[in-house]
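Values in this text are rule-based calculations from the coordinates and carry no lab data. What you see is a predicted model; the values in this text were computed from it and never measured. Note that we place each Cβ from the backbone using ideal geometry, even for glycine, and neighbour counts take in every protein chain shown.
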């Protein structure tokens, strides 16, 4: 028990002192996970809309793949990305292994199925006659997509939260493709694993609390947007 | 039938198939400019399918749809922006009433000030200015339908497509809404296609009517003509023409049906030729004694069924069964009961004659 209290006290001290390394790791974590989530949203929402609104050959297969992807173990994703980006791998010439970009790719692959799946479910729940009314009002394709996003914002914000949550919380893939290099690819989750392994529990607790508070703050903002009473 | 030059919307050789079966098959149909065309017909007759095709959400298997002589599907978005639609469900988006009404203009890139002015104008026309800031989810059914109609008018469409917009509203609210709509549509005069199954609505709002049965046009005429002078037996049955009798012309303007001699001023068939004679139940009057008018015959009351403001009486005269809707007050004065004899009267102008197969 004392170990935990010491850890919390040390965490508070590190926060209070504004530990440079923790700040740097936090900012890097935020940057990598935000980039992965943003790209996942850009691809995932339109893809979810297409899967929700169109019927085409192979659609069922794609939806099944998306559903499988929603529960994909991060270490498997990490392994796949590592094999592709490895120096002798298909994209080895890009020299991306053990870089933040590789971590963005891995986190993107983890959050994309969640964003697609949540978007698909949200948009599919819209009354098809309401979509017909959008066309009848003279909307073009992009405007229909915009109206659908607006109409399903509750579900889509859940997609953002799930996507960001998956990205920021994963550790296996980041470790495999990022390498946990100090000052380069170390993020809150990989740093926590490292410090726990070293027995520096107070630092590990401090990093974990930062991670939890960060995730909470981001979700607090998103929840605020989601639950805001829409007026116009 | 309207001349081609007046036709704003035209349908030619249209077929729409579902599962390999033709659900709509229309050779030619014109919707006159600035008038209300009501489309009536039983369930599954293709009314909503026709509206879906005009909205360009259902794709014809063959045939053409034109607006001002131009194919409607050449640029669907452009065509849809000349039209608007309202349905039985209000289908409002999750935003304020004002934003809903402004939305069609917003989609057309109209500036904010014009949008606001237009929305305010149409909200006032439909008597719902006080709802402008209310969220769409906080409206009653009648209010939501008013917003839906205000939204349909806000873009000042050339063509208004309506699919039973008054059907989901309770009776008292519906009366007021139809009254307001009739006034607004008569002033704005968009070319309107109104799908309805309601006779009163068709008669009150329609300038022109199209009756569909089994995906085919069975009659186009003024609404009153469809209800009073159906083209054939199937139409007569659909429009509630309870009295359809097989008869034969015996002399000029005179027919024999079920042993009763009946005169009609309607179109004639050849002497001796078979015909269907029909009359609406509310056009038959009952009395205790005959007078000098034509088409009077004695009939025995078989059954009596109160139906709100009227009493439906089933009578028999010889081999002729007839149904009469008599206003309650008149029925009470007559004091008739089952088994009593009465005199049934049909004005010759109310007796419609249809061709019948030999």
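For labels at residue B:28 and residue B:114 in the simple 7 Å Cα→Cβ model, what's the distance in nm?
Label-label distance for residue B:28 and residue B:114, simple model: 3.9 nm.
Per residue of B:88-96, count partner chain C-beta atoms within 10 Å of its C-beta, then hand back the mean as an integer. Before the final figure, lay out the partial values.
Details: counts 1, 4, 2, 9, 2, 8, 8, 6, 3.
Across the residues of B:88-96, the mean count of other-chain Cβ atoms within 10 Å is 5.
Restricting the calculation to Cα positions, tell me the Rg (one decimal) and the Dmax (whole number) of segment B:75-207 in Å.
13.9, 41
What 222 nm value per residue comes from the helices of the protein assembly as shown, counting each DSSP H run with n ≥ 4 as -39,500 (n - 2.57) and dividing by all residues, nearest 500 deg cm²/dmol? Intermediate results must be reported in sequence, preceding the final value.
Numbers: 21 runs with 276 residues, N = 590.
Here the helix-only value at 222 nm equals -15000 deg cm²/dmol.
Which of the peptides B:330-337, A:118-125 is most tightly packed, and how do the rest follow, going by the mean number of other Cβ atoms within 10 Å of each residue?
Details: B:330-337: 13.2, A:118-125: 20.9.
Most protected by this proxy first, the peptides run A:118-125, B:330-337.
I'd like the FRET efficiency for residue B:305 and residue B:200, computed as 1/(1 + (r/R0)^6) with the beta carbon distance as r and R0 of 22 Å, rounded to 0.05.
With R0 = 22 Å, the Cβ-Cβ based efficiency is 0.60.
Among A:140-148, A:85-93, how do they line up from the highest to the lowest mean number of other beta-carbon atoms within 10 Å?
Values: A:140-148: 16.4, A:85-93: 12.4.
So the order, starting with the most tightly packed, is A:140-148, A:85-93.
Set the Förster radius R0 to 51 Å, insert the Cβ-Cβ distance between residue A:140 and residue B:171 as r into 1/(1 + (r/R0)^6), and round the FRET efficiency to 0.05. Provide the component values of the computation, followed by the final result.
Values: r = 39 Å, r/R0 = 0.77.
The calculated FRET efficiency here is 0.80.
Quick one: order B:282, A:170 by neighbouring beta-carbon count within 10 Å, fewest to most. Mind showing how you got there, number by number?
On the way: B:282 16, A:170 25.
In order of increasing Cβ crowding within 10 Å: B:282, A:170.
May I ask you to order A:12-22, A:185-195, B:259-269 by the average number of other C-beta atoms within 10 Å around their residues, highest value first?
Most protected by this proxy first, the peptides run A:185-195, B:259-269, A:12-22.
Please report A:98, B:255 as a ranked list, fewest other C-beta atoms within 10 angstrom at the top and most at the bottom.
On the way: A:98 18, B:255 25.
Fewest-to-most Cβ neighbours within 10 Å comes out as A:98, B:255.
For B:59, B:8, B:121, what ranking results if the residue with the fewest other Cβ atoms within 10 Å of its Cβ goes first? Can you show the working numbers first?
Working: B:59 9, B:8 22, B:121 15.
Ascending number of Cβ neighbours within 10 Å: B:59, B:121, B:8.
Quick one: among B:280, B:248, B:108, which has the greatest mean-square fluctuation in a GNM of chain B with alpha-carbon springs under 10 angstrom?
Maximum among the listed residues: B:108.
Tell me the label-point distance for the pair residue A:125, residue A:79, using the 7 Å Cα-to-Cβ offset, in nm and rounded to one decimal.
It works out to 3.5 nm between the two label points.
When the convex hull of the C-alpha atoms of the protein assembly as shown is computed, what volume per residue in Å³ does it have?
Working: hull volume 138.0 nm³, N = 590.
It comes to 234 Å³ per residue, whole-number rounded.
Between segment A:62-139 and segment B:1-72, what is the separation of their alpha carbon centroids in Å?
Comparing the Cα centres of segment A:62-139 and segment B:1-72, I get a distance of 44 Å.
Bin width 5 Å, origin at 0, all Cα-Cα pairs of chain A: what percent of pairs per bin?
1, 7, 12, 15, 15, 14, 12, 9, 7, 4, 2, 1, 0, 0
Note down the nm distance, to one decimal, between modelled labels 7 Å out along Cα→Cβ at residue B:234 and at residue B:182.
3.1 nm
Per residue of B:105-115, what is the mean number of Cβ atoms on other protein chains within 10 angstrom of that residue's Cβ? Working shown, then result.
Working: counts 2, 3, 9, 4, 0, 0, 0, 0, 0, 0, 0.
Mean shielding count: 2.
Calculate the mean, over all residues of peptide A:136-147, of how many other protein chain Cβ atoms lie within 10 angstrom of the residue's Cβ.
Counting other chains' Cβ atoms within 10 Å and averaging over A:136-147 gives 6.
How long are the semi-axes of the equivalent ellipsoid of segment B:53-103, taking √(5λ) for every eigenvalue λ of the Cα gyration tensor, in whole Å from largest down?
On the way: eigenvalues 147, 33, 13 Å².
Over the Cα atoms of segment B:53-103, the semi-axes work out to 27, 13, 8 Å.
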